[in-house]
Amino acid sequence: MKQTLLAIALLGAFGAATAQSSVTVYGTLDAGLIKKTDTTLAIGKRDNNKLGFKGVEDLGNGLKALFQLEIRYEPDTGTVESNSRPLFQGQSRVGLQGGFGMVRLGRGTTALMDSIDAFEPWNGVPSVAGFKTDLTVAGYSSDPLSPAGNSGNRFSNALFYTTPEMAGFQLNATVGTKEANGGPALTGRGTALAPQYSAGAEASANPFSLSATYKNGPFAALGAYERNAIETKIWAAGGSIMVMPELKLMATYSRQDRDHSAALNPQTKAWVAGANYTMGSGKLLAGYGQKSPDGAVKVKEASLGYEYNLSKRTYVYADVSDKKAATSVKFYSVGVHHNF
Amino acid sequence: MKQTLLAIALLGAFGAATAQSSVTVYGTLDAGLIKKTDTTLAIGKRDNNKLGFKGVEDLGNGLKALFQLEIRYEPDTGTVESNSRPLFQGQSRVGLQGGFGMVRLGRGTTALMDSIDAFEPWNGVPSVAGFKTDLTVAGYSSDPLSPAGNSGNRFSNALFYTTPEMAGFQLNATVGTKEANGGPALTGRGTALAPQYSAGAEASANPFSLSATYKNGPFAALGAYERNAIETKIWAAGGSIMVMPELKLMATYSRQDRDHSAALNPQTKAWVAGANYTMGSGKLLAGYGQKSPDGAVKVKEASLGYEYNLSKRTYVYADVSDKKAATSVKFYSVGVHHNF
Amino acid sequence: MKQTLLAIALLGAFGAATAQSSVTVYGTLDAGLIKKTDTTLAIGKRDNNKLGFKGVEDLGNGLKALFQLEIRYEPDTGTVESNSRPLFQGQSRVGLQGGFGMVRLGRGTTALMDSIDAFEPWNGVPSVAGFKTDLTVAGYSSDPLSPAGNSGNRFSNALFYTTPEMAGFQLNATVGTKEANGGPALTGRGTALAPQYSAGAEASANPFSLSATYKNGPFAALGAYERNAIETKIWAAGGSIMVMPELKLMATYSRQDRDHSAALNPQTKAWVAGANYTMGSGKLLAGYGQKSPDGAVKVKEASLGYEYNLSKRTYVYADVSDKKAATSVKFYSVGVHHNF
């Protein structure tokens, strides 16, 4: 595990390690051309770009140890995601799996954020044409006390537990510590001089996330609830049905409640409905949704997409989207998505 | 591609991924001792240090999907290159290859910068003894609107196209978008208060790079042209000949034109000539070049190097160099270069 | 080594590289629950977390080329270690090994810091329950002129030499250059306005580290000496004995001398004694130590730990520790340690 007494024994360690092959290197490289209203043509992404390292060790008696480390990056500039996020923005978790389910420690997407993708017509990709980031979760952020620019659907310093599937049911739970993560001050119900959460504040309550999923033949359903480090709450429900083998219909409804930190208009509601239609190697995606923040203008988004599989690992895609709020943004993209 | 409905299915994904081995991990670790006039003895590098991940997927019918991600780092301090460059400074590209050639999206070296290495006696390594960075390209930078300290021979946000080789001919083309990359203000033909390019400016024209190479038995030739995001232009020509199997002679000429951003003395011309001579496991490198900036003192550099191959992947080297401009710098280095 | 004339030849390189498998990906993911006096329950680590890349190439005639690159990270937040350290904080070294021993260039732990772990009851892990960082080395830092927050047991810009083992004896030596690494100003024996070491200063003497180890059946011994870039010195001695196959006793004594940079109370002495007791798949760790800084309050630490091996690569652990100085800190942790 550590060096032996004699550093030259390193070579033995080198030799032994070569035989062991416990790490799988995997990832995604997705890049395309993007045009948005009033911005220059750009190279961008549709999906998150990942370079990951993972492994499973069989401990015997049905027990397994597992780890996963996932770098996120921007292929157009070669930087880590958003040029400032953690190296292993995707996830960094270690844990055990057995008859009891799976328990992991570290950082990763919360139970709610993880489970809802299957009910979103773009399957959770961050493309402007997708709905996940903004509409599907009613603009909610899982991680408001981390540094600005950090992602909004993860817990740091958390324990992740997933039950086995039982007759189609499965429960997910994520609980975070109150540890401070170095975020900026948040005014909240305080004032600029006396913010409700000062810079680098600890959580005022343990953040947690719960989701329950149920699957029965062509039907699937989701119920989920989450509370973040500043006690903003969200609950979400989703359902999907395969009306025929080629056609999946799906919808979500979610409601965000910021009453702990917002004095006015704490509620935001959102719904999204969509369809995936498979045609040979192609797949058509369609979705429509609305977000209704209390006391602010409603957001309406309609999107249409097409994926064409060149193989099981590689597809090309085209997306168009129209998003209306105070201003309106039209979005077009074409690109290639490659898993490795 | 994404999680299934149930997170516990992760384990299935783990298992499957282990069988798939689509990623090659590769790289270079080059470190040596360096002594320059008036600086302390240092540990440094001769070549760029890389840790990369790449793969090719056969899509059938001669079509291939390919990706490449390349970390650049400094082995003497363990940091990413220059302690500030993007994580995947080397490149981050995804694309397709077929009968039409190769098309890629992302970030990487431009057509000119990529093609000219074969005509430079140190084959493009960034050692002070080499000529690439400064003399071979007449001090030109491909990327003036990126953050300070960034490298000068890449395009971010670009499309890269390479034709197949046809009777010894091959064309390379790189076209970038006008996207802003967060660089500092550039005074140019403006003033300090009203710089020609403000901080974080977009390109004033699409940057592009073109190169054509031709190979015929012992002869090879290059012609290339590039224009960057602030419309500085460079054209370059190169040629090489294997006068005998052990001896390669080569030369380049290049001319940089900054007339879009420099009111005075926009022209810089440079030429480099050199030779590589193979002797068993050893190789002798020699080069001489001059750079002539309009209205500024000429730069003259002479270098001599020796590489001794311990294997196909590992060699030791020694370089000496003498560079004269307003002041003169003598440079000595010895080190080891290991590919993995 | 570099691109051929024609970039499309890249694909050939891709193909060839796939066959070559010279890189071992390895690492450690350790995460657990931590509770300290007067701090909130936290997710933390016991050991350093690593993701590494290493390889050995056989050059024939007993000569080998070797490289090692090691990322360090925090699994609870996904960042690089301390959120600011070099990407390859663990090490970045390349070298040759043969009958003469092993010589490497780059950055890594010094001879003293590397050799002393085998004489520390927690084997050098950075857990609060361990003694390495603070008591075992009497609070000494190997790298005072690097950026603040950098680790204290490495040399950047160094040459590492290890002899072969000869009749149980082995020597390690590390020598650094005087290169500046961009650290903050250190007042030392100067004043705030005229610090002894200005920001970004070079070393005032070459830092070096020497250690000698001896192993004979159940006995092992260590003697070591090191001087850092600001001429702080440390010498350390250690010994261990396997009194029975299950029980290892060990102790270290060290003395730090800051007389080059501290006008008052330059001496710090420390000793640590401990035991490891193996019980089937379990191991009990116990240790006690004191650090005595001249003119400051003594530090006393007592720790107890337990590891239970689930496999050769995975164990769970529990540690408790009580550290008394001006204030007293009690520490508890449980977690899982997984090597891959």
Once the in-chain neighbours fewer than 8 apart are removed, the lysines whose Cα is under 20 Å from C:K323 read C:K35, C:K36, C:K45, C:K132, C:K269, C:K291, C:K298, C:K300
With the charge dipole of chain C built from beta-carbon charges (+1 for Lys and Arg, -1 for Asp and Glu) about the Cα centre, the Cα from C:G200, C:L96, C:G295 projecting farthest to the positive end belongs to C:G295
For the stretch B:97-203, the dipole about the Cα centre with charges only on Cβ (Lys and Arg +1, Asp and Glu -1), to the nearest 20 debye, works out at 220
One decimal, nm, nearest first: from C:N265 to the same residue in each other copy, label points 7 Å out along Cα→Cβ, the values are 5.9, 5.9
In short, the stretch B:65-114 residues buried by 50 Å² or more of accessible area relative to the isolated chain (1.4 Å probe) are B:F67, B:L69, B:D76, B:T77, B:G78, B:L87, B:F88, B:V94, B:Q97, B:L105, B:D114
Total charge of the residues flanking A:G95 in space, meaning their Cβ is under 10 Å from its Cβ, with Lys and Arg +1 and Asp and Glu -1, is +3
Computed on Cα atoms only, the convex hull of the stretch A:70-185 has an orientation-averaged projected area in nm² of 8.5
Probe 1.4 Å, protein heavy atoms only: A and C together bury a total accessible area in Å², to the nearest 100, of 4400
Computed about the Cα centre, the charge dipole of the stretch B:147-280 from +1 Lys/Arg and -1 Asp/Glu charges at the Cβ has a magnitude in debye, to the nearest 20, of 180
For A:A194, inter-copy label-point distances (7 Å, Cα→Cβ), nm, shortest first, read 4.9, 4.9
Rounded to a whole %, the carbon-and-sulfur portion of the accessible area of the stretch B:133-172 at a 1.4 Å probe is 67
Using alpha-carbon coordinates alone, the radius of gyration and Dmax of the protein assembly as shown in Å work out to 29.8, 83
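Rounded to the nearest 0.05, what FRET efficiency do C:Y308 and A:S84 give with R0 = 51 Å and r taken as the Cβ-Cβ distance? Could you check?
Approximately 0.85, to the nearest 0.05.
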Computed over the protein assembly as shown, protein heavy atoms only, probe 1.4 angstrom, the accessible area per residue in square angstrom equals 38
homo-copy label distances at C:A326 (7 angstrom along Cα-Cβ), nm, one dp, ascending, are 5.1, 5.1
Charge tally for neighbours of C:Y225 with beta carbon under 12 Å away, counting Lys, Arg as +1 and Asp, Glu as -1, is +1
In this structure, the FRET efficiency calculated for A:K269 and C:Q290 from their beta-carbon separation, with R0 = 60 Å, to the nearest 0.05, is 0.45
Scoring only Lys, Arg, Asp and Glu (+1, +1, -1, -1) among other residues with Cβ under 12 Å from the Cβ of A:G183 yields -3
Carbon/sulfur accessible area of the stretch A:179-227, % of total, 1.4 Å probe, equals 59
The chain B residue whose Cβ lies closest to the rotation axis carrying chain B onto chain C, with that distance rounded to whole Å, is B:V25, 4
Given unit charges at Cβ for Lys, Arg (+) and Asp, Glu (-), the dipole magnitude of chain C about its Cα centre in debye, nearest 20, is 160
Among B:A42, B:G239, A:T37, the residue whose Cα sits farthest towards the positive end of the charge dipole of the protein assembly as shown, when +1 is placed on the Cβ of each Lys and Arg and -1 on the Cβ of each Asp and Glu, is A:T37
Candidate cut points under chymotrypsin sites (Phe, Trp or Tyr not before Pro) in the stretch A:68-168, DSSP loop plus at most 13 other Cβ atoms within 10 Å of their own Cβ, are A:F100
Partner shielding of A:311-319, as the mean number of partner chain Cβ atoms within 10 Å, equals 3
Expressed in angstrom and rounded, the centroid-to-centroid distance over alpha carbons for the stretch C:133-152 and the stretch A:186-262 is 43
Restricting to lysines and to Cα separations under 16 Å from C:K64, and discarding same-chain partners fewer than 8 apart, the set is B:K312, C:K54
Whole-Å distance linking the alpha carbon centroid of the stretch A:39-103 with that of the stretch B:267-340 is 42
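The values are calculated or read from the model by the stated rules, or taken from the named source; none is laboratory data. From a predicted model like this one, the values you see are computed outputs, not experimental measurements. We place every Cβ from the backbone using ideal geometry, glycine too, and count neighbours over all the protein chains shown. Side chains are part of the model used for accessible areas, which takes the heavy atoms of the whole protein and leaves out ligands, DNA and RNA. Shrake-Rupley method; radii C 1.70, N 1.55, O 1.52, S 1.80 Å.
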